[in-house]
Amino acid sequence: MVPQVSARVSDPAATFAAMSPTEVPANPWFSWDYVVRNWADIERAVGQHVSLTVQAVVLALVIALPLAALAHLRPRLAGPVVGLAGVLYTVPSLALFALLAPWTGIGRTTVLIGLVAYALLVLVRNVLVGLRGVDPAVTDAARGMGYGRLRMLVQVELPQALPSVVAGVRVATVTTVALVTVGVVVGYGGLGQLMFRGFRSRYHAEIMTATLLCLVLALVADVLVVLLGRALTPWSRSTRMLAESST
């Protein structure tokens, strides 16, 4: 059963119903008047959307790093680890929320668990690809300097794998921004709440406003992750500039 949207959010359809026929405005695809009148609701939905996205990606990365490292250190475990993440990714979001709801309830926790599960596959794969792509000459040099297996992983291989990790975080972040909206089925969907209300009231401006805000959030998040990746991997820019100058 689809939950009712929170009563704290004002309903444009109810407002229009109270108007006389001559007072009812057009139903445009975008209305600045709607944004002004519902700014508190929009701000609350955006804040919820951003917090869910950040928490889900951070938690998924915290789980994915040790899983990928384990699969890298024990190659026989790579198949089961990636396979398990792949199975979680293929479960439809509506079915996953329905399975979780009896145990975790209706609300934030259920949505967060689902978002983390969907981000795991992308992150585990990218971290594993980055670790496997480290230049053997680098690991041989570290081994010759007396680095143990764990020290080499932490101080040599993981820093070298950062570009691949950042690429995975970019994909996971953008997809999570989109998936948060599905959380509306358990009453906690960020901008999905506005979309759902817009579909119920057939108010196009509400649907379009929430959609545009999702696109903006995805774009801003992607740019921020790129900038963070450049700050964490200054040597990659130097290597690229050196390669370009040599050609």
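Some observations on this one:
- Pairwise FRET efficiency - residue 40 versus residue 74, Cβ, R0 = 41 Å, nearest 0.05: 0.20
- Here the residues 233, 53, ranked from fewest to most Cβ neighbours within 10 Å of their Cβ, fall in the order 233, 53.
- Note on segment 116-206: Kirkwood hydrodynamic radius from all Cα pairs is 15.9 Å, rounded to one decimal.
- Label point distance in nm, residue 55-residue 84, each placed 7 Å from Cα along Cα→Cβ: 2.4 nm
- Normalised by the number of residues in segment 38-246, the average gap of Cα pairs under 8 Å and 6 or more apart makes the relative contact order 25 percent.
- Each semi-axis of the equivalent ellipsoid for segment 38-246 is √(5λ) with λ an eigenvalue of the Cα gyration tensor; in descending order they amount to 38, 21, 11 Å.
- Cβ-based net charge around residue 167, under 13 Å, with every Lys or Arg adding one and every Asp or Glu removing one: +2
Computed from the coordinates by the stated procedures, all read-outs in this text should not be read as laboratory data. Values in this document were obtained by computation on a predicted structure and should not be read as measured data. Using ideal geometry, Cβ is built from the backbone for each residue, glycine included, and neighbour counts are taken over all protein chains shown.
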